[in-house]
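Taken together, the values in this text are just the output of simple stated rules run on the coordinates, not laboratory data. Everything quoted here is computed from the prediction, not taken from an experiment. Cβ sites come from the backbone with ideal geometry, for glycine too, and all protein chains shown count toward neighbours.
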Amino acid sequence: MKYNLSKIYDNSTPMRINDFLNYLRTIKGKSENTIDAYKLDLIMFFRFLKLYKGMLNENIEFEEIKISDITDDIIKEVTLSDLYAFISFVENYRHNGSYARARKIATLKSFFKFLYGKAKIINENPASELESPKISKRNPVYLTLNESLKLLSSVEGRFKERDYCILTLFLNCGLRLSELCGINISNIKNDLLTVIGKGNKERTVYLNDACIQSIDSYLNVRKENKEKIVDKDALFLSKNYTRINKRSVELMVKKYVIKAGLDKDKYSPHKLRHTAATLMYKYGGVDIRSLQMILGHENVSTTQIYTHVDSEKLREAIKSNPLNQSKF
């Protein structure tokens with residue numbers, strides 16, 4: 001039997017990156033999306049390190065720098081100054097904003113903590129004092145109720161039942177893109193949908209009437225081509241009758257946002273997740289803890305970005321104070 005070990009060992013990256021990614025995968029239970037992001041960050045860091053330390057014998061493009069020759073001895077020589085130099089590099093030459101830099105810092109801190117505490121490769125952790133940039137809180141970008149209805153009404157074409165169902169689930173359930181693409185028909189039981197969220201954590205999503213109706217309509221159309229279907233249990237299929245991928249969904253959302261004449265900043269599926277959360281909080285009277293469970297947030301602080309929608313309610317509450325009529 002042949003085994004595909006590409007997820008376990010990638011010979012284009014240093015052994016310690018492979019060890020770290022396997023630790024994230026098997027022990028920490030991180031999702032493949034998270035692991036891929038960590039891997040890209042570390043590849044960029046070690047490419048920078050070779051450039052910064054003058055370890056290149058030729059003038060080559062940054063993306064062509066090979067890092068498979070990074071040894072434990074090289075890793076042991078990494079200092080806090082090297083890490084800050086890297087963060088300066090991604091800010092000035094890669095134009096990374098504060099969020100992107102903060103993620104790279106989180107990657108470096110996690111990686112060197114692993115090398116120090118678990119793998120015992122280094123005697124000192126150079127990232128222990130590494131600080132993240134200050135990130136100002138931003139209100140989420142979302143569609144209004146009228147814009148959401150306009151988006152749904154723009155759906156047409158060969159895959160209209162599928163596309164309408166996708167948009168309906170985004171706007172009503174606040175699903176992540178990966179969660180939506182991963183839905184299996186067997187995950188749906190009456191008004192209950194089971195999805196796999198961040199960190200491979202399973203959660204239950206309750207389906208409202210609009211979701212149930214759109215799923216039923218799509219499944220009725222879907223079964224007309226049941227003999228062609230490759231991924232039988234996948235709910236959403238591509239034109240090739242395989243499970244739809246994230247990029248296809250992103251392009252589909254973008255197409256309908258443009259067609260509906262909406263703001264270009266509201267293209268992404270994640271903006272539709274923001275929309276669902278905002279509409280539930282604003283019109284559904286959902287408390288912040290319930291919203292946290294619906295969205296699958298690990299920390300309630302993540303969910304609190306949606307409290308901005310209550311500014312009008314707060315204004316009205318202040319106006320309703322009976323002392324509002326008492327004036328000098």
Find out how many positive minus negative residues lie around S238, taking Lys and Arg as positive, Asp and Glu as negative, among other residues whose Cβ is under 11 Å from that of S238.
+3
How much net charge surrounds L56 when only other residues with a Cβ under 15 Å from its Cβ are counted (Lys, Arg +1; Asp, Glu -1)?
-1
Which value in Å is the Kirkwood Rh of the range 15-117 over different Cα pairs?
14.3 Å
Hey, can you rank 78-84, 128-134, 67-73 by average C-beta count inside 10 Å, highest first?
78-84, 67-73, 128-134
Which three numbers, in whole Å and largest first, are the semi-axes of the equivalent ellipsoid of the range 145-192 derived from its Cα gyration tensor as √(5λ)?
21, 13, 10
Averaging sequence separations of C-alpha pairs under 8 Å and six or more residues apart, then dividing by the length of the range 42-185, give the relative contact order as a whole percent.
17 percent
Checking the table K189/K226; K232/K255; K160/K254 against a 24 Å threshold on Cα-Cα, which pairs fail?
K232/K255
Between the residues N245, N225, L235, the Cα farthest towards the positive end of the dipole of the range 194-249, that dipole coming from +1 and -1 charges on the beta-carbon of Lys, Arg, Asp and Glu, is from N245
If the chain between R94 and K232 were fully extended at 0.36 nm per residue, the gain over the current Cα-Cα distance would be 45.5 nm
For the range 74-231, report the % of Cα-Cα distances exceeding 27 Å.
52 percent
Taking a crude spin-label model, label points 7 Å out from Cα along the C-beta direction, the S153 to E58 distance in nm is 6.1 nm
Charges on Cβ only, +1 for Lys and Arg, -1 for Asp and Glu, centred on the Cα centroid of the range 15-117; of V78, F48, F20, which one is farthest towards the dipole's positive end?
F20
